[in-house]
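Read-outs throughout are calculated quantities, based only on the coordinates presented, and are distinct from any laboratory measurement. Model, not experiment: these values are computed from the prediction. For neighbour counting, all protein chains shown are included, and Cβ atoms are generated from backbone atoms with ideal geometry for every residue, glycine included.
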Amino acid sequence: MSARNLVIGASGFLGSHVTRTLAARGEPVRALVRATSSRRALADLDAEIVVGDIDDPDSLRAAMRDIDTVYYCVVDARPWLRDPAPLFRTNVTGLRTVLDVAVAAGLRRFVFTSSIATLPIGADLVDEESGAHNWLRRGGAYVRSRVAAEDLVLEYARERGLPAVAMCVANTYGSGDFLPTPHGGFVAAAARGKMPFYIGGVGAEVVGIRDAAEALILAGERGEVGQRYIVSAGFRRTRELLDFAASVTGAPPPRYGVPRAALPVAGAIGELVARLTRKDVRVTRTTMRLMHIMTPLDNAKAVRELGWTPRPIEDAITEAAIFFTSRRRRAESPAGDT
C-alpha cells in the first residue's frame, strides 16, 4: 500500500509542486489549504483537498489522521514588513501548533521547508555543518523568524521524538509562480521585456521549483531524522538569470547596470516612503541586503544522501519565462483567463 502524504500549505508555489509531484507518482496525497486560499495551482490534480489552518489544532489533527509523511510548506516570506509580528506568528507560533499535533500523530517523517537563510556566511563554500548562524542582526526579523523556526523543528526532533528533516531551500524558479515570488517577479519582467536595469555584482543560490519539490519528497523517503539538507542547484548572478529569461522569449535584455553600492540608498529611501505613507514598501535596507549577503553553498549532502540530482537552472528559468509570458497573453486576449 502506498504511503499517505499530507502537504500543509499546498496552495503555495512549493507546496503545490510537492502535491503535484506526489499525485503524478500515483501516491495518495491530501492537501491542506486555508478557506481563503486560491486553489488554482491545484485545480487539475487528483488530490484530496481539506480546509484547515495552522492555528487550528482540530483541523490539523483531522488532516494528519492516517498520514505517514507530512510536507510542511508554510512560510510568511515578507521581509519588508514594518511590523514583524505576522512573521513570527506564522513562522514560529503557528509552526509550534503544527509540531505539537505532529508529535502525537505517529508520523514516519515530517519534512520541514526551511531556508538557506538559516545557514551561516563563510569565507569558503558553506554546507550544513559550517557552524552556527552568524548574521542575525543583518538579516532582520524575517531571517530571525526562519532561524527560530528551524531551531524549533530540530528541537522537537531531538527532545520530543518528531521524525523531522529540515530542507534549506534556495530561491525557487519555474512555472506556477502565480503571485509571483519577489525573485520570480524579476524574471517575469525580464521575460516580458519590462526590466530595463540590472544590479551589478548581485547573485544568489537558486533551484528549479520541480527539483525543490523532488528534494522534499526524497527527504520524506530517505532523509535522516534531525538533519538539514541544502536544496540548491548552485550560485548564479542575477543578471545571468534575467538575460537568459529575456533570451527565451526574445525580449530585449536589461540594459542599464545599477551598482550594488546603490542598494542601501534605495533601501533607506524606501523606508522613508514607508514611514511617510504608513504602508509597507518592499524596498528596504533589509530586503536590499538579502539580495546579496549570502555566500555560495555546497549541496553535496542532499545529492549523496537523498540521491537528488537537480537540473540546470536554465531549465527552470525557461519554464518560468514561458509561464509568465503565456499568462500575460491569456490575460490580454478577449476571453481573458476564463
Inset, instruction - Pop a pseudo-label 7 angstrom from the Cα along the beta-carbon direction at both residue 327 and residue 137 and give the gap in nm to one decimal. - result: 3.9 nm
Legend entry - Ordering of 82-93, 36-47, 165-176, 254-265 by packing [mean C-beta count within 10 Å, highest first]: 165-176, 82-93, 36-47, 254-265
Legend entry - Between segment 153-195 and segment 53-98, the alpha-carbon center distance in angstrom: 15 Å
Inset, instruction - Round to the nearest 0.05 the FRET efficiency obtained for residue 256 and residue 27 when R0 = 30 Å and r is the Cβ-Cβ distance. - result: 0.05
Inset, instruction - Would you work out if segment 129-178 is rounded, prolate or oblate? Take a ≥ b ≥ c from the square roots of the eigenvalues of the alpha-carbon gyration tensor; rounded if a/c is under 1.5, else prolate when a/b is larger than b/c, oblate otherwise. - result: oblate
Legend entry - Integer Hz, Karplus 6.51/-1.76/1.60 couplings in order for segment 271-280, x for Gly and Pro: 5, 5, 4, 4, 5, 5, 8, 6, 10, 5
Inset, instruction - Determine the gain in length on full extension of the stretch residue 269-residue 50; use 0.36 nm per residue of separation and subtract their C-alpha separation, reporting nm with one decimal. - result: 74.5 nm
Legend entry - segment 78-175 - Debye-derived log10 I(q)/I(0), Cα point model, q = 0.10, 0.12, 0.13, 0.19 Å⁻¹: -0.30, -0.43, -0.50, -1.00
Legend entry - Label point distance in nm, residue 39-residue 83, each placed 7 Å from Cα along Cα→Cβ: 3.1 nm
Inset, instruction - Rounded to the nearest 500, what is the 222 nm mean residue ellipticity of the chain from helices alone, with -39500 (n - 2.57) per DSSP H run of 4+ residues and division by all residues? - result: -13000 deg cm²/dmol
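Quickly rank 283-290, 126-133, 11-18, 295-302 as a protection proxy: mean count of other C-beta atoms within 10 Å, highest first. Before the final figure, lay out each step's value.
Details: 283-290: 19.9, 126-133: 14.2, 11-18: 26.4, 295-302: 18.2.
By packing density, highest mean first, the sequence is 11-18, 283-290, 295-302, 126-133.
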Inset, instruction - Starting from the Cα gyration tensor of segment 17-69, take the square roots of the eigenvalues, sort them a ≥ b ≥ c, and report rounded, prolate or oblate (rounded when a/c is under 1.5, otherwise prolate if a/b is larger than b/c, else oblate). - result: oblate
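With the contact rule set at Cα under 8 Å and sequence spacing of 6 or more, what percent relative contact order holds for the chain? Don't skip to the end; give the middle numbers.
Values: 688 pairs, mean separation 61.4, N = 338.
Relative contact order, the chain: 18 percent.
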Inset, instruction - Multiply the residue separation of residue 159 and residue 304 by 0.36 nm, subtract the distance between their alpha-carbon atoms, and state the gained length in nm to one decimal. - result: 49.5 nm
Legend entry - Estimated Rh, segment 182-321: Kirkwood, alpha-carbon pairs, angstrom: 16.7 Å
Inset, instruction - Run through all the Cα pairs of the chain and give the fraction in each 20 Å bin from 0, expressed as whole percent. - result: 30, 61, 9
